[in-house]
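A short write-up of the structure that comes next.
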Amino acid sequence: MTESIHAAGKRLHFIGIGGSSMSGLARFMLQQGCEITGSDRDKSHKTEALEALGITVFIGHRAENVRGADLVVYSAAIPESNPERAEAARLGIPQIERAVLLGRLMTTFENAVCVSGTHGKTTTTSMLAQVFVEAGEDPGVHIGGELDAIGGGTRVGRGDTFIAEACEYNGSFWHFFPTIAVILNIDEDHLDFYKDLDDIEASFRRFAGLVPEEGWAVGWGDDKRVRNVLSKLKCHTRTYGLEPHNELRAEEISYDEQGRPHFIATLFGHPLAEVELAVAGEKNLLDALACIAVADICQLPMSSVAASLGRFTGAHRRFELTGITDGVRLYTDYAHNPAEMQTAIHIASMQPHNTLWAVWQPHTYSRTKTLFDGFMSTFGEADRVLITDIMGAREADPGDINTPMLIEGLTKRGVKAIHTPTFDDAEAYLRENWQKNDLVITLGCGNIDLLNEQIGLHGDTKK
């Protein structure tokens, strides 16, 4: 870590400070004694929370925002043409990309556990954070979400271990320094950056190759592409999963009436721990196995690990119950690609309900277009589907993909799908048509969670 980043009193300016990772990094550096300012295109819960900490957040990107900063931090979505980056370059203010800063932070710890995968990163990283904290390890943590067990998405920590999500977007995780790399799965996403699934696999291989020979790579052994990556590494490897060839397995699996798993974790056939999860579904079971694999490598007491996993109730925006209105339970989930969304809807289907409503805010035109066919097979377990207009985020509208095209495709497949362009439209349609004991889940990595909040403000929402 360079002295200029660590030095108390230095002013760091974050462009795009409202992003999940950026807001967490801003908090982390604030706790390191730096002065923090930032800017974002829109006001949000995250910008308001940062302002509550005393951080100055400018809404809108303007050149004057960076003046006086000692270092400018930007996310991969911020181009050089951004007025703040351009002004920083003109003034000679050093700039650093978010992932590079995060990578430098982890070099100040003896161990760096980096959790990668197309989906499941936040849940698994959160599980690990809670397990390590409750085992007394005092880790540093950086999560692309918020976890009540650590009071948010970041934790400075004074122990030997740093735990962080490792995102594949734009090759961000190539800038990290993992001593333990976790690969949860390798699926299609971010095809605006990667050519195809083979290119994505190669990216994960490059990431895992960063682990030193004495380090470890942990991967889901039921995923052929993950196994391909592990087979080419020089470091120690460990596979986990359900199939017999895995080293760490879940055995004697059962589920309760709400889909919450109970299982025995075994390593090379020998029992490690009996685990009863408070979160539902096979995906959470697999994430817990990944967590157990890391905990075992780090020699944490398995009794403590099992107890912590039993208390884990999820990170915010990961199948999060936001309230009950008119007798209807409302959940939100950050899922934004077909595999994640299908998992979230499946978990929702296992909860008591009459009609299951899925409300989707598609995120970015490129993802919606490249994964179109996958989205068409996502909603099989939902009774009714509402889809808002596409949230472009960092992208301009190319004019060749839109929500009516999604509605048409789903309707042809027998899905009852309705176009509700805005949150107001979605709320009005839900209120006119839902009935007591229905269940609503909102899906997307944009600001779809605001729909849940909006409904709560307009009704008798309670948890």
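Coordinate-derived values only; no laboratory data. Nothing here was measured: the structure is a model prediction, and the numbers come from that model. Here the Cβ positions follow ideal geometry from the backbone for every residue, glycine too, while neighbour counts run over all protein chains shown.
Beyond 32 Å between alpha-carbons counts as too far, so tell me which of Lys46/Lys234; Lys46/Lys224; Lys195/Lys283; Lys121/Lys232 fall in that bin. Long pairs (Cα-Cα over 32 Å): Lys46/Lys234; Lys46/Lys224. Electrostatic bookkeeping for Lys224 treats Lys and Arg as +1 and Asp and Glu as -1; over the other residues with beta carbon under 13 Å from its beta carbon, the sum is -4. Counting charges near Thr343 (Lys, Arg +1; Asp, Glu -1) among other residues having Cβ under 10 Å from its Cβ returns a value of -2. Within the chain, which is the longest segment containing none of the chymotrypsin sites (Phe, Trp or Tyr not before Pro) that sit in a DSSP loop and have at most 16 other Cβ atoms within 10 Å? Maximal segment without exposed cleavage sites: 269-463.
For segment 320-457, the share of DSSP beta bridges that are antiparallel, to the nearest 5, is 20%.
The loop-placed GluC sites (Glu not before Pro) in segment 372-414, going by DSSP, include none that has at most 11 neighbouring Cβ atoms within 10 Å of its Cβ. Between rounded, prolate and oblate, where does segment 182-259 land on the alpha carbon gyration tensor, with a ≥ b ≥ c its root eigenvalues, rounded for a/c under 1.5, else prolate if a/b exceeds b/c? Oblate is the answer for segment 182-259, as a/c is 1.5 or above yet b/c matches or exceeds a/b. Can you give the % of DSSP beta bridges in the chain that are antiparallel, to the nearest 5? Counting DSSP beta bridges with both partners in the chain, the antiparallel share is about 25 percent. With the simple model of a label 7 Å out from the Cα in the direction of the Cβ, Asp389 to Arg90 spans 3.2 nm.
In terms of its C-alpha gyration tensor, segment 375-463 comes out oblate, because a/c is 1.5 or above while a/b does not outweigh b/c. For segment 273-410, the relative contact order is 19 percent, taking Cα pairs closer than 8 Å that sit 6 or more residues apart in sequence and dividing their mean separation by the residue count. Of the GluC sites (Glu not before Pro) found in segment 81-115, those that fall in a DSSP loop while having at most 12 other beta-carbon atoms within 10 Å are Glu110. Among the GluC sites (Glu not before Pro) in segment 219-320, those located in a DSSP loop and surrounded by at most 15 other Cβ atoms within 10 Å of their own Cβ are Glu257.
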